[in-house]
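Shown next, in structure tokens, is the structure this report addresses.
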Amino acid sequence: MINVFKKVGTGVAITAALMAFSVPSMSAEALDIGKVGVAAKIEGLERVTQKLVPPPFLPEHNQVAKGGPKIVAMTMEIVEKEMEIAPDVFVQAMTFEGTNPGPMIVAHVGDYIELTLKNPKTNSMVHNIDFHAATGALGGGGLTNVAPGEQVILRFKATKAGVFVYHCAPGGVMIPYHVVSGMNGAIMILPRDGLKDAKGNLVAYDKAYYIGEQDWYIPQDKDGKYKRYDAPIMAMGDTMEVMKTLTPTHLTFNGKVGALTGENAMTAKVGETVLFLHSQANRDTRIHLIGGHGDLVWTGGSFDDTPTTNRETWSIAGGEAGAAIYTFLQPGIYAYVNHNLIEAIMFGAAAHVSVEGEWNNDLMEQVQKPGPIQ
């Protein structure tokens, strides 16, 4: 058994209900993984450090790989903190690097991703990371369990091209609890020769944005007010009762209702091609760009497959990430939404793209302004 709890402060009791949750061991020893076998083929490879950045932005990267495979190294710190996801609605979030979603990682097929994962001693729980992009049992989850005050280093080879979810998966009910508490992100593995359109031609993008959609399950008191807690442990029992309904109370893009609207809207110019990367670690979603299209959409984020074209809406299954490209042809505010419009408008799963440029009346024109019926 993993000790998933660390005492938080003095006089904090963990209820019997919390202690009753059974969490099977996820240690490498118990799972019989990570044993020494075929050696990694990393001798002589160039080592580069990737500086991770908060979403919706991506780290600096080459769209077409330069040179041979590399060891792409980065460091992530696990941050447990309170987050305000809507006005006066707070969650005890568990995060990678302090953001929901966690930062996007970018590499190319054939590269080795080497992650140093740190769990500061100020945290209260055991954490790990499961890469859907990785090959091996539990996506590295069994090799990366870290208690507060520990760090671990995991290296895996990028063998599949696409966009993939990563998330915390400590075992048992801790898996969904950590995921719906914000502890997920995505990694993009580009083909070494870049993205291709439906005819096999090279596709380049001027900008790329990463949108992480999150379902939250916030307990309410008898008066309907959303509760507030002092630590993830204290929120766990009540939150799990809401989770059992399978009905989120809030849905956010990038950690907060309105996080990608107004002054924080994504931006582009007429004529620019934008790559949109979208992840949902837990629930199915469907994405629509109001006023635009998915010129190219890679179903399930798989860059090895031929993209579909001119899509109005594209689905992303729970536990995966997707990719779509669009070249903006008109200026204005575009709404980027989960096209369950109840979830978009009433629950918060919406963002904006603010596009600058000259209006083209050949594409759209108001022939007559609103006025009296004649």
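If the cut-off is a Cα-Cα distance under 19 Å, which lysines reach residue 269, setting aside same-chain residues fewer than 8 apart in sequence?
Here the lysines satisfying the reach criterion relative to residue 269 are 207.
Among 147, 330, 318, whose Cα projects farthest towards the positive end of the dipole of the chain, with charges put on the beta-carbon of Lys, Arg (+1) and Asp, Glu (-1)?
Going by the charge dipole, the pick is 147.
For the stretch 16-191, what is the convex hull volume of its Cα atoms per residue in Å³? Write down the numbers at each step before the final one.
Working: hull volume 21.7 nm³, N = 176.
Residue-normalised Cα hull volume stands at 124 Å³.
Once you keep just the Cα pairs under 8 angstrom separated by 6 or more residues, what percentage relative contact order results for the stretch 16-191?
24
With only Lys, Arg, Asp and Glu charged, each at its Cβ (+1 for the first two, -1 for the last two), find how big the charge dipole of the chain is about the Cα centre; round to the nearest 20 debye.
Charge dipole of the chain: 700 debye, to the nearest 20.
Per DSSP H run of at least 4 residues, take -39500 (n - 2.57); add these up for the chain, divide by its residues and hand me the 222 nm value, nearest 500 deg cm²/dmol.
-2000 deg cm²/dmol, from helical runs alone.
Defining a contact as two alpha carbons under 8 Å apart and six or more residues distant in sequence, what relative contact order in percent does the stretch 89-149 show?
Values: 56 pairs, mean separation 16.8, N = 61.
Worked out over the stretch 89-149, it gives 27 percent.
Non-local amide H neighbours of residue 123 (under 5 Å, H modeled in plane, Pro and chain starts lacking H): which ones?
Correct list: 149.
Taking amide H positions as placed 1.01 Å from N in the peptide plane, with prolines and chain starts having none, which residues 5 or more places from residue 203, or on another chain, fall under 5 Å of its amide H?
195, 196, 197
Hey, what did the chain get for relative contact order, percent, Cα under 8 Å, at least 6 apart?
On the way: 931 pairs, mean separation 56.2, N = 374.
Averaging sequence separation for qualifying contacts and normalising by length gives 15 percent for the chain.
Quote the convex hull volume per residue of the stretch 298-351, based on C-alpha atoms, as a whole number of Å³. Each step should come with its number before you reach the end.
Values: hull volume 5.2 nm³, N = 54.
Per residue, the Cα convex hull of the stretch 298-351 comes to 97 Å³.
If you average the alpha carbon positions of the stretch 184-206 and of the stretch 236-293, how far apart do those two centres end up, in angstrom?
Between the Cα centre of the stretch 184-206 and that of the stretch 236-293, the gap is 22 Å.
Quick one: Karplus J couplings for the stretch 196-203, per residue in order, coefficients 6.51, -1.76, 1.60, θ = phi - 60°, nearest Hz, x for Gly and Pro?
Rounded to whole hertz, the list is 10, 7, 5, 9, x, 8, 4, 10.
Could you order the peptides 142-150, 320-328 from most to least packed, using the average number of other C-beta atoms within 10 Å per residue? Could the numbers behind the result be given before it?
Numbers: 142-150: 19.0, 320-328: 24.0.
Highest-to-lowest ranking by the protection proxy: 320-328, 142-150.
How are the Cα pair distances of the stretch 208-356 distributed, in percent, across 10 Å bins from 0?
Reading the bins upward from 0: 11, 38, 30, 14, 6, 0.
For a quick check: with amide H placed at 1.01 Å from N, whose amide H comes under 5 Å from residue 106's, ignoring anything fewer than 5 positions away on the same chain?
Amide H neighbours of residue 106: 188.
Excluding same-chain residues fewer than 8 positions from residue 81, which lysines have a Cα within less than 19 Å of its Cα?
6, 7, 118, 121, 227, 256
Bear in mind these aren't lab numbers, they're just calculated from the coordinates by the rules spelled out. Please read all numbers here as calculations on a predicted model, not as lab measurements. When we count neighbours, we look across all protein chains shown, and the Cβ atoms used for this are built from the backbone with ideal geometry, even at glycine.
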